[in-house]
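As C-alpha cells, the structure follows; a few thoughts come after it.
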Amino acid sequence: MNHLAASSQTLLRQTRSMLLGMCLAAPLLGSGFAAWAQDKALPPGDVILARKTLMSVIARNMYPLDEMIYTGKINLPRGRGHADSIAAMLQAFPLLFPAHTNAYKPGTVDPASATFADPHIWEQLDFFYKESMAAAKYAFDASRADTEAQFRKSVTELRLTCDGCHATFQKNN
C-alpha cells in the first residue's frame, strides 16, 4: 500500500512539473512563433526577461539534483521529476536567443532587461545550441535512470555541461 501511495505522489509531482513547463513554454513559444510568422520581433527586454525566468526555474530544479549528488542521498523518483522538467526547459532555452537580444552592456542597472549573455553567444550560436541539446539529453537520461549509478552519471554530466556553458557564455556585472 505504501508503494502505491509513493507511486501516486511521484506521478502527481511529475504531472505538476510537466504542467509548469507547459505553462511556461506555451506563452513564450506560442506568442514567439506568432510574432516571428508576422516578421515582427518581440521587444528585446521581454525575450531577455523570459530567458532569465526560464534559467531561474531550471536552476531551482537543478539545486535538489546537486544536493543529491553532493550528499549521496539519491531519491530517484524526486530526482527523475526534476530532471524531466529540466530536459524540457533546456530544449526551449536556446530558442530564446534571437539576434536582436544581443544587448549586453556592463553595468546595466535594469534587472529585467540586463542580459548575462556574452555577445559571443551569437557568433557561436550553433555550438551553444548543441551544448543546450546535450544538456537536455543528460537531463532526460537522468529522468529515465533505473539505478542510482545511472542517475549520478547523467546528473554529473548535466552539471558539467551547464558549468562549461556558463563559463563560456555568461557575463556577470
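State yes or no: is A99 touching a Leu at 6+ places or on another chain (Cβ under 9 Å), of a type outside the set (D, E), buried (at least 18 other Cβ atoms within 10 Å of the Cβ) and on the phi < 0 side of the Ramachandran plot? No. Here is the figure for the stretch 139-164: residues that are surrounded by fewer than 18 Cβ atoms within 10 Å (Cβ to Cβ), under 30 Å from T115 (Cα atoms) and touching a residue at least 24 places away in the same chain (Cβ under 8 Å) total 3.
Considering only residues of the stretch 47-92 that are among the polar types (S, T, N, Q) and not in a loop (DSSP other than H, G, I, E, B), which is nearest to A134 (Cα to Cα)?
Restricting attention to the stretch 47-92, the residues satisfying the condition of being among the polar types (S, T, N, Q) are 53, 56, 61, 71, 75, 85, 91.
Add one more test, that the residue is not in a loop (DSSP other than H, G, I, E, B), and what stays is 53, 56, 61, 71, 85, 91.
Details: T53: 21, S56: 19, N61: 17, T71: 25, S85: 15, Q91: 9 Å.
Among those that are among the polar types (S, T, N, Q) and not in a loop (DSSP other than H, G, I, E, B), it is Q91.
With respect to E131, determine if the residue is surrounded by 12 or more Cβ atoms within 10 Å (Cβ to Cβ), modelled with pLDDT of 80 or more and charged (D, E, K, R). Yes: the conditions hold for E131.
Within the stretch 118-161, the set of residues being assigned to a helix (DSSP H, G or I) and of a type in the set (S, T, N, Q) comprises S132, S143, Q150, S154, T156, T161.
Among the residues of the stretch 70-111, the ones that are in contact (Cβ under 8 Å) with a residue 12 or more places away in the chain and under 30 Å from D146 (Cα atoms) come to 20 in all. Does at least one position in the stretch 59-74 carry a residue that is touching a Lys or Arg at 6+ places or on another chain (Cβ under 8 Å), more than 18 Å from H166 (Cα to Cα) and among the basic types (K, R)? No, the stretch 59-74 has no match at all.
Could you tell me which residue of the stretch 26-56 is modelled with the lowest pLDDT, considering only residues that are crowded, with 16+ Cβ neighbours inside 10 Å and of a type in the set (V, I, T)? Only one residue fits best here, namely I48. Given the criteria aliphatic (A, V, I, L, M), within 16 Å of the chain's Cα centre (by Cα) and under 27 Å from P43 (Cβ atoms), does L160 qualify? Spelling it out, it is not the case that L160 is aliphatic (A, V, I, L, M), within 16 Å of the chain's Cα centre (by Cα) and under 27 Å from P43 (Cβ atoms).
When E123 is tested against (1) within 23 Å of A41 (Cβ to Cβ); (2) touching a Phe, Trp or Tyr at 6+ places or on another chain (Cβ under 9 Å); (3) of a type in the set (D, E), exactly one condition is not met: (2).
The values are calculated or read from the model by the stated rules, or taken from the named source; none is laboratory data. For clarity, every value in this text was computed on a predicted model and none was experimentally measured. Methodologically, a virtual Cβ is constructed for each residue, glycine included, from the backbone with ideal geometry; neighbour enumeration extends over all protein chains shown.
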